Each structure stands twice: as structure tokens, then as C-alpha cells.
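Chemist: Can you read through this structure? Questions will come right after.
The values are calculated or read from the model by the stated rules, or taken from the named source; none is laboratory data. None of these values were measured; they are calculated from a predicted model. As a convention, Cβ positions derive from the backbone with ideal geometry for all residues, glycine included, and neighbour counts pool all protein chains shown. These area figures cover heavy atoms from the full protein model, side chains too; ligands, DNA and RNA do not enter into them. Shrake-Rupley method; radii C 1.70, N 1.55, O 1.52, S 1.80 Å.
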Number of protein chains: 4
Amino acid sequence: MPDKEGVLRDLVVGNRILANENILDAYGHISVRNPANPEHYFLSCSRSPELVQRNDIMEFRLDGTPIGGDKRTPYLERFIHGAVYERNPETSAVVHSHAEEILPYTISSESLIPVIHSAGIIGPVAPVWDIAEKFGDTTLLVINIEQGRDLAIELGNNRVVLMRGHGFASAGRSISEVVRVSIMLARNARVLTTALQFGHRVQALTAGEVSLRQKMRPDGREFYRAWEYWATRAGCSDML
Amino acid sequence: MPDKEGVLRDLVVGNRILANENILDAYGHISVRNPANPEHYFLSCSRSPELVQRNDIMEFRLDGTPIGGDKRTPYLERFIHGAVYERNPETSAVVHSHAEEILPYTISSESLIPVIHSAGIIGPVAPVWDIAEKFGDTTLLVINIEQGRDLAIELGNNRVVLMRGHGFASAGRSISEVVRVSIMLARNARVLTTALQFGHRVQALTAGEVSLRQKMRPDGREFYRAWEYWATRAGCSDML
Amino acid sequence: MPDKEGVLRDLVVGNRILANENILDAYGHISVRNPANPEHYFLSCSRSPELVQRNDIMEFRLDGTPIGGDKRTPYLERFIHGAVYERNPETSAVVHSHAEEILPYTISSESLIPVIHSAGIIGPVAPVWDIAEKFGDTTLLVINIEQGRDLAIELGNNRVVLMRGHGFASAGRSISEVVRVSIMLARNARVLTTALQFGHRVQALTAGEVSLRQKMRPDGREFYRAWEYWATRAGCSDML
Amino acid sequence: MPDKEGVLRDLVVGNRILANENILDAYGHISVRNPANPEHYFLSCSRSPELVQRNDIMEFRLDGTPIGGDKRTPYLERFIHGAVYERNPETSAVVHSHAEEILPYTISSESLIPVIHSAGIIGPVAPVWDIAEKFGDTTLLVINIEQGRDLAIELGNNRVVLMRGHGFASAGRSISEVVRVSIMLARNARVLTTALQFGHRVQALTAGEVSLRQKMRPDGREFYRAWEYWATRAGCSDML
């Protein structure tokens, strides 16, 4: 079992990487399931991810209740995380993001399909969840566990679910995997957007290609190279 | 009533944030109504917003006349600010910007509608004002109070009015709110521009969603998080 | 008459500004006519504009011959500058650039027309010169005075001429004016490109608006504000 | 014959330039043929190009076998390099990249043709190789010499071959030439993508123009200026 401090250090690094790669800004967050207790997860208190430090990390029950009477202000949308952990036992890390590149795909019938090899990791499809279908007019924020659970149903066994007019939630087997999924999702969106502009048919990855990409070991040397690179760019290579 | 020095410090921070977020460059400006005298407002002398300091702030009557015989060169387009304060008593802060992302919507019949949750704050519509309709051929600059008043009529009770071939003016209940409106307007424009390219129908926020977003308290923790983040990126977190 | 050292200092600042604003990279250049001798002009030896210093400046006759037996390697395309000075007596400064934003307009029948107020300075039209029309297959570089003169004919009394598959040449009454023309040309191109994408009619500045913008004094406070801003961003505010 | 240490120093500079110019990120690589033994080539061990140093360079046989029992982890896709050297005796340096700007052209029938003068160096055409045609469903990575050889056939005598959903491989007569080819390929893609959006015919370079551009000496002063500029931007001008 991974040691808790190592996991929390990776969580801080994940926050910094996602901020530096423009997946998160003042908003959005990344969490990790407690490796010692699958009914709990770790997530920063309400701070911009770029500024998150070890001591900002809080622990939550899956329903979003802080552990140990922690009185700090939590993120309003923490329910996304708990609901995904609750539904998918194999998920160990979750990201919620408003990355601009993917937003057009949440307000259009155009599908965000994987077209580049590095995005095979996101899986064959990214369904779109519209909070209004079940909850009517809202601020579009996921502010209770019922809304989180409805989102988790739409996510299903996929790695990514888009949220209409809002952003996406992604799920991974580790912090580094969910970071990779999130960065590659945005990259794939940029490439697809440009290719669509040409007005010709766009060639997606085949089902077989996606499957082979998803089977690549997320803890191998090739994947670690990107983690090291992103951390270095984010100025926290000393935390590796 | 907020203290004057606190307001002026926030005004300097607002200048720096808007410059750093590419809403202002050498041109454009942000003002705040004098909390002790609603017939006056504060605005820098003619300097690039990125370079504005506390001592650059001048005080003006709503008609654009400097207070106290201040001989420094004012911004040519200060009349935008006074005219908006004159018409909208609830407006406490005004931005005028030439942000590139919104300019295409000022020279086309395409409407800049809110499509992402964070842009609900701008309201359901951003009307376009064409200075030529009433004033014929000009430099497109708003250089007297009559032109400012005509612009303020088009703004009406909206948060934003686009200016043909020129930029936009935005109004808020506080400095941090008008900064937020301005940044989210540009972000919304980027997302909408990409979504339009797909050639399908684009799903806007509903009227109910916009209304709920506009009712969110501009001084809450969630909103402050962005102010802190933007100020940190702009290198003036020490002024918070 | 402006003093020579002041002019050369401005020329260095102009190099740095245009490099920092992405109008020049390793290639492209800016020159100034010798205020004491209209048959000569000043231009750096063959160096990237970002790296140009006072001692790199060479002096040339309008036909491109270096003055004083200067043996340093000159820019291959210096003939653009001399030919424009030769044809247009009122031109005091010239830029040649490969700015990416304008290149699409040099290989398409789409016209680069002024649509934003700050681009009125470029004039009503930017004609496109194709070196192949008179000189057939070349490297597309302007490497002798005959090619320069053919380009200058196409420029005529305009401020800008586009060069097919290559870039643009711009002319101004001062260094700061030609820098402004060049930066605003690229900005206008970005805005126009996006507006064209919407598929609706794009509203250009009227002839009267362009005329009024072109009559604005290039040495006024409003224009100097941008020069100061650009120089500060380029790290050479100490040279102002 | 160039001295080995000079070649390896240039290889490190090439890594840094390509990383800084966004042609490489955590992935992609640049190699050089051993000038003293054309059956060998030099390539970093598995590290992000931005972080590569002199001591990271390994030596390989053309079939991808490390020389001297070097036990460090090599790049998975090193076979691209050896296969190109094997087929094209005049090739001295090879780049493999996933540059985003070119990816849309690998998943669409739109051709990446040279439209700007600086891109004449890439040649008249960039064919697209689809690994699936011969090898069926894969991870899209080139992980053995057979796949590399199939790619090299598609490259033929061109300077660039695009790889479906993956990136490109480019070949040059020197490190600085292949770096230039790679940077200009991405620039040309950006310009072409925008020009295509206008919906009019796009004017490509003529065959004669491409031929004249390709004949320009890659070791002349004009080309060195860009190498110096890129190295300075990448923070390694001290290695020139």
C-alpha cells in the first residue's frame, strides 16, 4: 500500500501540474482516494490549485462530509469526487476542470472523439451530462451528492464525462493517470477542432487502437517521463 | 462605507489584473465610484494599466471634469465611466476594454451570448452600440459626455455593451465584480467562437440559469478565490 | 532636426519592441531614414532584432550600398527599405516582417481590410504584391534594388503592402508610427480572421473613419502611451 | 570531418531549441548520424528533450541496438531514426515530433503543402503514413525496425513524412537543417490552417520556388541567424 505522505505529495504536484498546463485555474480540483480507507478521499480546502500546499489537504467521506470536524471551507463542488469514488471502485483519483478547449464540445452536438495516439487513454467516447435534464435551472454547479451521483451514472465506466456549459470530470487509477487523461483530453480537443475546420471526414482512432492504448501500464517509464516533465515545468521537480 | 484607501488599493489591483489577463493593454481603463460621494469617481491619469500606481489615481465629476484642479493628462475616453455612473445608480465600477476575443462580435451580426456557467454573470445579452448611428464618422473614440450618454443608453440595465470596431464597456457593483465580468466575457467569447465553427446549433445558458448565476453573491469565498488567484498571477498579492 | 543618437536609440527600441510583440523573429527588420541626409538610412547588420544593439547599426545609401566601407554582413533584403525611401519622400521609417497573422491574407483572395479602430492607421487597403508576376520563380526574397522598386510601386501611397507567401512591408513618418502600424496590422488580422469565420458580413471601418484615424498626431500623448508600454514589456524602458 | 564533441553539443542545443519552440514536449526526439561511422547514430536516453544533457546521449546501430552494452533505457521509438538513416545515405539528422499544429493534417485528407517562403525547405509535399495499413491495430508507436522501415519507404526522398494520428518524422543534412525543417513545418501548418478557413483557393509555393528554397545553403549566415536566435531563446546561447 502506498504511504499516505507520498500520496499527498503527489496530490500537491498534481495540483501544480494541472494549473501550469492550463487545465485548472482559480477553479477546478483534483482528489485522491485514501489508499488506507476506500470510503475516504483527500482534496484541498477551497484554494486555487496553483497555490495548494500539503497543509491545505482535507479528508472527506464519500458523501462530502469533512473528517475530524475540519472547519476549513471546502470546495463547493466536492460532491463530484465522492460520487465517482462511490460508483467506480477501481477509480483512485478524480479531476474536475473547466478547460477551455473542451467547453465547445459541451454545448454542441459535435462529439469529442480520440483522434491522436496520446488521447487513446481517454477511451472511445466522452459522454455529455446536462445537469438540467434532471435538476432543471441551476447555477450549473454540482453542489450536493444527488447531483454528483447523477453525473457519475453518465460517466459510467468511461474515463471522462463532459458537463454541459461547465467542464469535465475525469477518473483514473492513479493521480498521474488522471492528470495525463486531463491534459491529453484538452490536447485532443485542440487538434480535433482544427481538423474539423477543414470540412473533410476526420479519422478517429479505431476501437482496437483505443483498447491497446488503454492497456499501456500507467506506471511505466514512458509515462513517468511526462510526469517528470510537467512537474519540472510547474516548478516542483523537487517534490518528485 | 468602505474606506477610501482600501478602494483605491483595489483599483490598482484591478488595473494590474486586467492588464495581466490581457483584457487591457496600453489602452482601456477601470474606474470606481467614490463611495463617499456618488457624483465623483476615481480613475488613473493617462497611463498603461499595467503601470498604474496609487499616486496615479485622479478624481472626476461624472461629466469628466477633474477634481481639485488636477492638471495631469486624463484618459481621452473617461466619459464612458461618468456616463454609466450617471445613468445606473447601482453601478460602482466600470471597465472599458479592447479585448481581442470580443472584437469579432462587434463587427458581425453574430451575438455574444453566454454559453458557459462562469459567464452567466454577464447577463443574457450584450448589445452592440455603433457610435456612427448618432455621431457619423468619428475616430470611434468616446471623447465627450454626449457620446458617453448615448453609449450608456444602449448599455441600459445590462452588465456589458459592445462597441462596434472598438471594444466593450462593462458595469459592476464592485471592482472585483466588474473585473470578473470582463474576464469571463472574453473567455465566453473564445469558447463560443470555437463552438460556432462546428456548424451546429450552440446551446446557450437558459434565462433561468443566467438569472441564478447573476444572483450569486459577488463577495463570497468562491469569487474571492479568483480575485486572489488573478492578483497572485499579476504579481500584486502583497496588495490584498 | 532630431539628433542622430536619439534616432538610433529609438531604432534599437523599435527592434526590441517588434521582436517582443512577435512581429519580427530571427528575420525581418526595421530601418530609419537619416534625418540629416535623406539619401541615407540606418539599419542593423545581419542580426536577430531581439539582439540588436546600438553598435550593430549600419548606414546605407538608398541603393543598398553600405556607407564608409562597412564590411559587416548586411541583411539580404535591405533593398526593401531603400526602395521605399526612394519612392516616398515623406516616409521616415520602414518595417519588413513575416508576422504569421497576416500571412494567410497573402496567399488568399481575402482582403486584409481595417475593422478595428486602432487599425485605421494602416489605411483603407493593404495591396498584395507577388514577386512572381515580374520576376518569375525566385526564393521570394527581395535581393536587389529592382525587386525593391517593384514592391515600392505596389505600396504606392499606402502604409502597408503585403508580399505573397512572405510577409509585409510598412512605411511610417517615424519609428514609433511604423511600429504602431505593424503591431495593429497583425491585431486587425487576428480579429478579422475570427469575424470571417462566423460566415456573416463583416463591417469594416468607413472611409471617413479611416481618414480621421490617419490624421491623429503620431507624436501625441495617447500614442506615446503605447510606445512606453511596449518598450516596458520588451525590457528596455531604460532606453526611453 | 566534424569533431564528435561539437556534433554532440549541437545535438543538445537542438533538443533544447525544439523543446522551447514547442516542437517537442515530454515526447519526441532528435538524433544525429555519427560522422565517423555512418552505421551508427547518436540519440538521448529516455528523457524529455528540454532536460537532455551531454551525458544523456547514447550511441546506436541503425537497427536500434545500443553500442557498448549501454544499459540505460532508450526511447521506445528510436527505430524511426535508424530506418531513415539506413534508407537515405544523405540524411545526417532526424526529428520525430508530435507538434500539435501538424496533427490535423494527419487525420484529414487536407494536404500540408508549403505556402510560405520559409517552408519551401520542407519540399513540395509531406506524405501521410498510416501504420495501420501494414500493421493493423497498434498503439500507433513505431517500436521495431520493420515499422521504421515501412515509415522510411513512405518518407522516400522527401524531407517530411506525416504519421496518422501521431506526428511527423523529418530528415535533414545537418542538425540545424532538420531543426529548421521541423519549426517551419509547424509554422506553415498554422498559416495554411488559417488561410483554408477563408474558403478561397490557397496559393502554394510553385515547384520552382520550392526547388530554389531547397537549394539555399543550410550553413550560410542567414540560416545561422535563426539557429543563434532559437538557441538564445532556449537559454543555451553559451553552448554555441
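Chemist: Determine, yes or no, whether C:Glu101 is out of contact with any helix residue (DSSP H, G or I) (no Cβ under 9 Å at 6 or more places or on another chain) and charged (D, E, K, R).
Modeler: no
Chemist: Quick check on my filter: what residues within segment B:203-215 are facing chain A (nearest Cβ under 7 Å) and open to solvent by less than 40 Å² (accessible area, probe 1.4 Å)?
Modeler: Result: B:Leu205, B:Gly208, B:Glu209, B:Arg213.
Chemist: With segment A:1-70 as the region, which strands (runs of 3 or more DSSP E) entirely inside it contain at least 1 residues that are basic (Lys, Arg)?
Modeler: Strands (runs of 3 or more DSSP E) meeting the threshold: A:29-33, A:57-61.
Chemist: Report, by residue number, each residue of segment C:82-104 that is in a helix (DSSP H, G or I) and surrounded by 24 or more Cβ atoms within 10 Å (Cβ to Cβ). Quick ask: steps written out before the conclusion?
Modeler: Of segment C:82-104, the ones in a helix (DSSP H, G or I) are C:82-87, C:100-104.
Within segment C:82-104, C:Gly82, C:Ala83, C:Val84, C:Tyr85, C:Ile102, C:Leu103, C:Pro104 meet the criteria.
Chemist: Take the residues in segment A:180-202 that are without any contact (Cβ under 8 Å) to a residue 40 or more places away in the chain and among the polar types (S, T, N, Q), then tell me which one is farthest from the other protein chains (Cβ to nearest Cβ).
Modeler: In the first step, residues of segment A:180-202 are kept if they are without any contact (Cβ under 8 Å) to a residue 40 or more places away in the chain; the result is A:194, A:197-201.
Narrowing the set further to residues that are among the polar types (S, T, N, Q) leaves A:194, A:197.
Numbers: A:Thr194: 4, A:Gln197: 6 Å.
The residue in question is A:Gln197.
Chemist: Follow-up question, since we're still on this one. Among (1) within 13 Å of another protein chain (Cβ to nearest Cβ); (2) in a loop (DSSP other than H, G, I, E, B), which single condition is D:Gly120 missing?
Modeler: So D:Gly120 meets the others, but not (2).
Chemist: A follow-up question, please. At pLDDT 95 or above, open to solvent by less than 10 Å² (accessible area, probe 1.4 Å) and farther than 13 Å from C:Ser174 by Cα: does that describe C:Gly28? Don't jump to the end; show me each part of the working.
Modeler: Working: at pLDDT 95 or above: yes; open to solvent by less than 10 Å² (accessible area, probe 1.4 Å): yes; farther than 13 Å from C:Ser174 by Cα: yes.
So C:Gly28 passes the test.
Chemist: Can you go through B:Phe60, B:Phe79 and tell me which one is free of Cβ contacts under 8 Å to residues at least 40 places away in the same chain and open to solvent by less than 40 Å² (accessible area, probe 1.4 Å)? Break it down into steps so the answer makes sense when it comes.
Modeler: Working: B:Phe79 fails: free of Cβ contacts under 8 Å to residues at least 40 places away in the same chain.
One residue alone meets the criteria, B:Phe60.
Chemist: Just name the residue that is modelled with the highest pLDDT out of those in segment D:186-238 that are basic (Lys, Arg) and not in a helix (DSSP H, G or I). I'd like the intermediate steps shown before the answer.
Modeler: In the first step, residues of segment D:186-238 are kept if they are basic (Lys, Arg); the result is D:187, D:190, D:201, D:213, D:215, D:217, D:221, D:225, D:233.
Right, trim to not in a helix (DSSP H, G or I) and you get D:201, D:215, D:217.
Values: D:Arg201: 97, D:Lys215: 91, D:Arg217: 80.
The residue in question is D:Arg201.
Chemist: Can you name the number of the only condition in (1) touching a residue at least 40 places away in the same chain (Cβ under 8 Å); (2) open to solvent by 10 Å² or more (accessible area, probe 1.4 Å); (3) hydrophobic (A, V, I, L, M, F, W, C) that C:Ala132 fails?
Modeler: Exception for C:Ala132: condition (1).
Chemist: For segment A:147-179, give me the residue count where each residue is open to solvent by less than 10 Å² (accessible area, probe 1.4 Å) and either within 14 Å of chain D (Cβ to nearest Cβ) or under 18 Å from A:Trp230 (Cβ atoms) (or both).
Modeler: Final tally of qualifying residues: 5.
Chemist: For segment D:135-146: of the residues being more than 14 Å from every other protein chain (Cβ to nearest Cβ) and touching a residue at least 60 places away in the same chain (Cβ under 8 Å), which is most open to solvent (accessible area, probe 1.4 Å)?
Modeler: Restricting attention to segment D:135-146, the residues satisfying the condition of being more than 14 Å from every other protein chain (Cβ to nearest Cβ) are D:144-146.
If we keep only those that are touching a residue at least 60 places away in the same chain (Cβ under 8 Å) too, we end up with D:144-145.
Numbers: D:Asn144: 51, D:Ile145: 22 Å².
For segment D:135-146, the residue satisfying everything is D:Asn144.
Chemist: I would also like to ask the following. When only residues in segment A:135-152 that are out of contact with any strand residue (DSSP E or B) (no Cβ under 9 Å at 6 or more places or on another chain) and part of a loop (DSSP other than H, G, I, E, B) count, which is nearest to B:Ile121 (Cα to Cα)?
Modeler: Taking the candidates together, the pick is A:Thr139.
Chemist: Among all residue pairs at least 6 apart or on different chains, which show Cβ distances below 8 Å where the first residue, located in segment C:103-129, is within 20 Å of B:Leu103 (Cα to Cα) and the second is outside any loop (DSSP other than H, G, I, E, B) and of a type in the set (Phe, Trp, Tyr)?
Modeler: Here the result reads C:Ser111/C:Tyr105; C:Leu112/C:Tyr105, each pair linking segment C:103-129 to a residue that is outside any loop (DSSP other than H, G, I, E, B) and of a type in the set (Phe, Trp, Tyr).
Chemist: Mind listing whichever residues of segment C:216-240 are surrounded by 19 or more Cβ atoms within 10 Å (Cβ to Cβ), of a type in the set (A, V, I, L, M) and within 9 Å of chain B (Cβ to nearest Cβ)?
Modeler: Of everything in segment C:216-240, just one residue is surrounded by 19 or more Cβ atoms within 10 Å (Cβ to Cβ), of a type in the set (A, V, I, L, M) and within 9 Å of chain B (Cβ to nearest Cβ), namely C:Ala226.
Chemist: Also: So is B:Glu50 surrounded by 17 or more Cβ atoms within 10 Å (Cβ to Cβ) and without any contact (Cβ under 8 Å) to a residue 60 or more places away in the chain or not?
Modeler: For B:Glu50, the condition - surrounded by 17 or more Cβ atoms within 10 Å (Cβ to Cβ) and without any contact (Cβ under 8 Å) to a residue 60 or more places away in the chain - is met.
Chemist: So, of the residues in segment B:103-117 that are more than 9 Å from chain C (Cβ to nearest Cβ) and in contact with a Gly (Cβ under 7 Å, 6 or more places away or on another chain), which turns out to be nearest to B:Glu154 (Cα to Cα)?
Modeler: B:Pro114
Chemist: Any idea which residue in segment D:74-117 is nearest to D:Leu151 (Cα to Cα), counting only those that are polar (S, T, N, Q) and within 16 Å of the chain's Cα centre (by Cα)?
Modeler: The extreme case among them is D:Asn88.
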